[in-house]
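Since every read-out is calculated from the coordinates, none of them should be taken as a lab result. The shown structure was predicted, so the numbers you read here are calculated from the model rather than taken from an experiment. Neighbour counts run over all protein chains shown; Cβ positions are idealised from the backbone, glycine included.
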Amino acid sequence: AQSVAQPEDQVNVAEGNPLTVKCTYSVSGNPYLFWYVQYPNRGLQFLLKYITGDNLVKGSYGFEAEFNKSQTSFHLKKPSALVSDSALYFCAVRQRLPTGGGNKLTFGTGTQLKVEL
Amino acid sequence: EAGVTQFPSHSVIEKGQTVTLRCDPISGHDNLYWYRRVMGKEIKFLLHFVKESKQDESGMPNNRFLAERTGGTYSTLKVQPAELEDSGVYFCASSQGDRGFLGQLTGELFFGEGSRLTVL
């Protein structure tokens, strides 16, 4: 079974400061990893994904994430936070199976990011 | 290009009633998924269609839930009869069929805005 843990329900950061939203995963074999963001009263929007290759992945709105296989982590980061980044962030994992099956995404519980002036 | 659309955006029904949620995926996306988020919890997978076929329905909670995708276009999710614990936000998502060298789907999912179901 695959699972995702987002240990922080909420992260508070001042505008202009760097932000990190943590994510760890558990999956058999190698994972595909994703970050999504949900703004109030909106659906989930794709931010970035790790499939293979460079462990540092860059995505939308200046966000990036680093895949760390030894720590089974995929933390989301941004060098300088904006008030408009305030939203609910979800980490997700998809299992990579040699049979080609198991295509479902497993999500974490989400982390509320609050960026204040 | 139109995104994934879901209807209704919010439905309030009484326990025992029936509700049908509809999802229109992005045109050309063969993969369609239903997910559900109960308040404060993780977003849980319900099922996955490839065109009109159910690829994986391992997340469907019980036989009160019925999903269909006739003709491989839009999909409906019916809850009959609804129970209190069915309340939550039901998300639909679609994706293209991009695959990695192992045959795994690599593409991101495009989500609709969700249908909020409240069962009283």
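Working from Cα pairs under 8 Å separated by at least six residues, relative contact order for chain B is 36 percent. Rounded to the nearest whole Hz, the Karplus-based 3J(HN,Hα) values (6.51 cos²θ - 1.76 cosθ + 1.60, θ = phi - 60°) of the stretch A:78-87 follow the sequence 8, x, 9, 6, 10, 4, 5, 7, 4, 4, with x at glycine and proline.
With the gyration tensor restricted to C-alpha atoms of chain B, the semi-axes of the equivalent ellipsoid amount to 25, 14, 13 Å, longest first.
Each Cα pair under 8 Å and six or more residues apart adds its separation to the average, and for chain A the resulting relative contact order is 37 percent.
If a/c stays under 1.5 just call it rounded; otherwise compare a/b with b/c (prolate if a/b is bigger, oblate if not). Do that for the protein assembly as shown, with a ≥ b ≥ c from the square roots of the Cα gyration tensor eigenvalues. Here the protein assembly as shown falls in the oblate category. Counting, for every residue in A:44-52, the Cβ atoms of other protein chains within 10 Å of its Cβ and taking the mean gives 4. Each of B:His10, A:His75 was scored by other Cβ atoms within 10 Å of its Cβ. Listed from fewest to most, they are B:His10, A:His75. Each distinct pair of alpha carbons in the stretch A:3-116 adds a 1/r term; the inverse of their mean, the Kirkwood radius, is 14.2 Å.
Each Lys and Arg adds +1 at its Cβ and each Asp and Glu adds -1 at its Cβ; summed about the Cα centre, the protein assembly as shown shows a dipole of about 320 debye. Neighbour counting of Cβ atoms within 10 Å sorts the residues A:Ser70, A:Ser26, A:Ser84, fewest neighbours leading, into A:Ser70, A:Ser84, A:Ser26.
When both the stretch A:39-90 and the stretch B:1-49 are represented by their alpha-carbon centers, they are found 24 Å apart. Ordered by the number of other Cβ atoms lying within 10 Å of each residue's own Cβ, fewest first, A:Glu116, A:Glu64, B:Glu42 fall into the sequence A:Glu116, A:Glu64, B:Glu42.
Coupling constants for the stretch A:15-27 follow from the phi torsions by the Karplus curve (6.51 cos²θ - 1.76 cosθ + 1.60, θ = phi - 60°), and in residue order they are 4, x, 8, x, 10, 9, 10, 8, 8, 10, 9, 9, 7 Hz; glycine and proline get x.
Rounded to the nearest 20, the size of the Cβ-charge dipole of chain B about its Cα centre is 220 debye, with Lys and Arg at +1 and Asp and Glu at -1. Cross-link partners of B:Lys15 among aspartates and glutamates, defined as those whose alpha carbon lies under 12 angstrom from its own and excluding same-chain residues fewer than eight positions apart: B:Glu83, B:Glu85, B:Asp86.
Over 30 Å apart at the Cα level, from the set A:Lys114/B:Lys54; A:Lys77/B:Lys44; A:Lys78/B:Lys41, are A:Lys114/B:Lys54.
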